């Protein structure tokens, strides 16, 4: 199996090291100093605690055309960056190539394979002009919900913080041969890779939490635990979760975990900052579109009230670009 990691950041590097170490022909599309370090010294993965490390040599380039056709392409860039590279992915794709959306946010393929009549809107916050839909093809898509956390400590060096689970699913809910092979490859690399017939439910469950914690963390500047310990912030997070669950329900998905359980389940990560807050503090662009604006768009389309979520979204957008005020 030939596997390419497109967007070799923290999660991409975690996948690349472990898949390569399991014996798969693994390559990566990376850039900048991280790419230079990989090309010179390989890619190093540090354990969550201690000095244990694993180093692998992988083929890496900033030009996908140099890597050729793949059996599997993991899209592991930030979700808001995916449309910009839609056509650059083309050299990696063959007729049977699987494209795994291993990032947070509402996926561009979401409405493919649905049997009901919810329609297929163009979401400007996810896939403007349907670039990803047309360049990749939704028939290639494999859904993926990412639970591990990792951080790039220095160019070419990534630390695995916690988590092993990548939940996989076909858009049509089938347990296909290709899905079985992909799950097996991830398990051989030491990951948990359960196959879900209801991948959209998994996506929405994580999206409920991301929609609440990520933008609110940018406004407050607080860690997960600090937000939970503040009574007013806790109430706001719970209200946003209620609203997002309502949007999911309007699309035929029932998120069974109530906000209180989702909030309390996060306490074990109390000292961690959300990825969006980390990006904000580092001056990087934010995944505001696919994580938050997409749900606002969907709510407007289906007539669902998300006034608290929309208020937070507008405040963050203004914070990022005060000229909008």
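A few remarks follow.
- Yes/no for residue 291 being over 19 Å from residue 78 (Cα atoms), assigned to a helix (DSSP H, G or I) and in contact (Cβ under 8 Å) with a residue 24 or more places away in the chain: no
- Members of region 78-107 that are in a loop (DSSP other than H, G, I, E, B) and within 19 Å of residue 182 (Cβ to Cβ): 93, 94, 95, 96, 97, 102, 103, 107
- Residue within region 293-305 that is closer than 25 Å to residue 83 by Cα and at pLDDT below 95 present: yes
- When each of 242, 247, 208, 218 is tested for being in a helix (DSSP H, G or I), surrounded by 15 or more Cβ atoms within 10 Å (Cβ to Cβ) and free of Cβ contacts under 8 Å to residues at least 24 places away in the same chain, the lone residue that passes is 242.
- Within region 164-175, the set of residues being buried (at least 17 other Cβ atoms within 10 Å of the Cβ) and at pLDDT below 95 comprises just one member, 171.
- Filter result (in contact (Cβ under 8 Å) with a residue 40 or more places away in the chain and not in a loop (DSSP other than H, G, I, E, B)) within region 39-64: 40, 41, 43, 44, 45, 46, 56, 60, 64
- Considered as a group, the residues in region 1-19 that are crowded, with 24+ Cβ neighbours inside 10 Å and over 17 Å from the mean Cα position of the chain (by Cα) include one that is nearest to residue 61 (Cα to Cα), and that residue is 3.
- Condition met for residue 254 (modelled with pLDDT of 95 or more, surrounded by fewer than 18 Cβ atoms within 10 Å (Cβ to Cβ) and under 23 Å from residue 201 (Cβ atoms)): yes
- The set of residues in region 297-311 that are touching a residue at least 60 places away in the same chain (Cβ under 8 Å) and either buried (at least 16 other Cβ atoms within 10 Å of the Cβ) or not in a loop (DSSP other than H, G, I, E, B) (or both) comprises 297, 298, 301, 304, 306, 307, 308, 309.
- Residue 237 being buried (at least 19 other Cβ atoms within 10 Å of the Cβ), under 20 Å from residue 79 (Cα atoms) and modelled with pLDDT of 95 or more: no
The values are calculated or read from the model by the stated rules, or taken from the named source; none is laboratory data. What you see is a predicted model, and the numbers here were worked out from it, not measured in a lab. Glycine gets a Cβ as well: all are built from the backbone with ideal geometry, and neighbour counts include every protein chain shown.
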